[in-house]
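Report on one structure; see the data block that follows.
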Amino acid sequence: MTSRTKIKVNNLNLFYGDFQALIDINLDIMANKVTALIGPSGCGKSTFIRTLNRMNDLIDNVKIKGEILLDGADIYDDRCDLIQLRKSVGMVFQKPNPFPKTVYENVAYGPKIHGVKNKSTLDEIVEKSLRGAALWDEVKGRLDKPALGLSGGQQQRLCIARCLAVEPDVLLMDEPTSALDPISTLKIEDLLEDLKKQYTIVIVTHNMQQAGRVSDFTSFFLNGEIIETDLTDNIFSKPRDKRTEDYITGRFG
C-alpha cells in the first residue's frame, strides 16, 4: 500500500524573539507511519513537534513563518479552529501528566468537553481507549481509583488513552518513555506498532535504538535544521550526510 502524506511542512521558520530555533524546515509526514525525530539536545526536535498542534502559540514572543498542511489545510491559517486542531492532533509528553482524578475521569474528560454526556457512550469510549493503550486489563477493576496511584508506565499509557478518547488523527509523542523503566518502555514501543494502524505518529526520542525499533522514517535534526530524512533503515545503515553518520555512531551528541 502506498503511503500518503498526512502532514506537509513547507519552509517553516520559528523564532523565539531574535533567536531562530527552526530554520527552513521541509518535511512530509506519512499517514499511518511512525516518524522519529532524532538529534542532540537543543537541536529543535521538541520545538518542531510542538508546531504541529500549535503548542508554541502559548509561548510569548514566538514568531512562525512558513506553512504546515494537515490533510491539505494550513493549520496556521487564521481560520483554523484550534480546539478542533488539538482534538485531531493529540500530544503525549515526556513526563506522565494524568489529571488528579480517577482513571475513568481522566479518559472521559476529553469526550465530555466535546459534548458527550451519555454514560453508556462514555463507558464505551473509556474501555475502547484503555484497550487501545494496552491498559484495560490492568485497570478495569480500579476505574474509580485515583490515576496518580498507577505506576509511571501505567500513567503514561493512561495519557495515551486520554489522547485516543477524542479520536485524533495524529499522535505526537515528545520522549514518551524517557522517564520510564525498561519494561514500561517496551510496552509503549509494542503499542506503537498497533497504534500506527489507525494513527499517524511522530515521536521525539534521544534513544537511537528506540528510533531504530519503532519508526518507519527518521528525521535527523541539528542546530534547528533537518539534515536528512529517510527510511529509518537507510538513516541507520547508509546515511547520506556525514553529520548524520557522526551522530548515530556516537561521535557527538
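The values are calculated or read from the model by the stated rules, or taken from the named source; none is laboratory data. The structure displayed is predicted, hence computed values, not measured ones. Note that we place each Cβ from the backbone using ideal geometry, even for glycine, and neighbour counts take in every protein chain shown.
Would you check which residues across segment 211-223 are surrounded by 19 or more Cβ atoms within 10 Å (Cβ to Cβ) and part of a helix (DSSP H, G or I) and list them? Quick ask: steps written out before the conclusion?
Start the filter on segment 211-223 by keeping residues that are surrounded by 19 or more Cβ atoms within 10 Å (Cβ to Cβ), which leaves 211, 214-215, 217-222.
Scanning segment 211-223 gives Ala211, Val214.
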| Of residues in segment 34-66 being of a type in the set (D, E, K, R) and touching a Phe, Trp or Tyr at 6+ places or on another chain (Cβ under 6 Å), the one surrounded by the most Cβ atoms within 10 Å (Cβ to Cβ) | Lys45
| Among (1) over 12 Å from Val34 (Cβ atoms); (2) surrounded by fewer than 18 Cβ atoms within 10 Å (Cβ to Cβ); (3) touching a Leu at 6+ places or on another chain (Cβ under 8 Å), where does Ile226 come up short? | (2)
| request: Working carefully through the options Glu127, Glu175, find the one that is of a type in the set (D, E, K, R) and in contact with a His (Cβ under 9 Å, 6 or more places away or on another chain). | output: Glu175
| task | Kindly provide the set of residues from segment 68-92 that are under 18 Å from Ser219 (Cβ atoms) and out of contact with any Leu (no Cβ under 7 Å at 6 or more places or on another chain), ordered by number. | result | Leu69, Leu70
| request: Kindly state which strands (runs of 3 or more DSSP E) lie completely within segment 1-92 and contain at least 3 residues that are modelled with pLDDT of 95 or more and over 13 Å from the mean Cα position of the chain (by Cα). | output: 5-16, 19-30, 62-70
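With the structure loaded, tell me whether Ala133 is within 16 Å of Leu158 (Cβ to Cβ), buried (at least 17 other Cβ atoms within 10 Å of the Cβ) and within 17 Å of the chain's Cα centre (by Cα) or whether it fails that test. Before the answer, list the steps.
Working: within 16 Å of Leu158 (Cβ to Cβ): yes; buried (at least 17 other Cβ atoms within 10 Å of the Cβ): yes; within 17 Å of the chain's Cα centre (by Cα): yes.
When the stated conditions are applied, Ala133 passes them.
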| Of the numbered conditions (1) in a helix (DSSP H, G or I); (2) within 30 Å of Ile226 (Cβ to Cβ); (3) out of contact with any strand residue (DSSP E or B) (no Cβ under 6 Å at 6 or more places or on another chain); (4) polar (S, T, N, Q), Asn97 satisfies every one except a single condition; which is it? | (1)
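How many residues does segment 11-31 contain that are closer than 30 Å to Gly250 by Cα and either out of contact with any helix residue (DSSP H, G or I) (no Cβ under 7 Å at 6 or more places or on another chain) or surrounded by fewer than 14 Cβ atoms within 10 Å (Cβ to Cβ) (or both)?
In the first step, residues of segment 11-31 are kept if they are closer than 30 Å to Gly250 by Cα; the result is 11-16, 19-30.
If we keep only those that are either out of contact with any helix residue (DSSP H, G or I) (no Cβ under 7 Å at 6 or more places or on another chain) or surrounded by fewer than 14 Cβ atoms within 10 Å (Cβ to Cβ) (or both) as well, we get 11, 13, 15-16, 19-20, 23-24, 26-30.
Adding up the residues that qualify gives 13.
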| said: Looking at Ile226, Ile203, Ile235 in this structure, which one is within 20 Å of Thr5 (Cβ to Cβ) and part of a helix (DSSP H, G or I)? | reply: Ile235
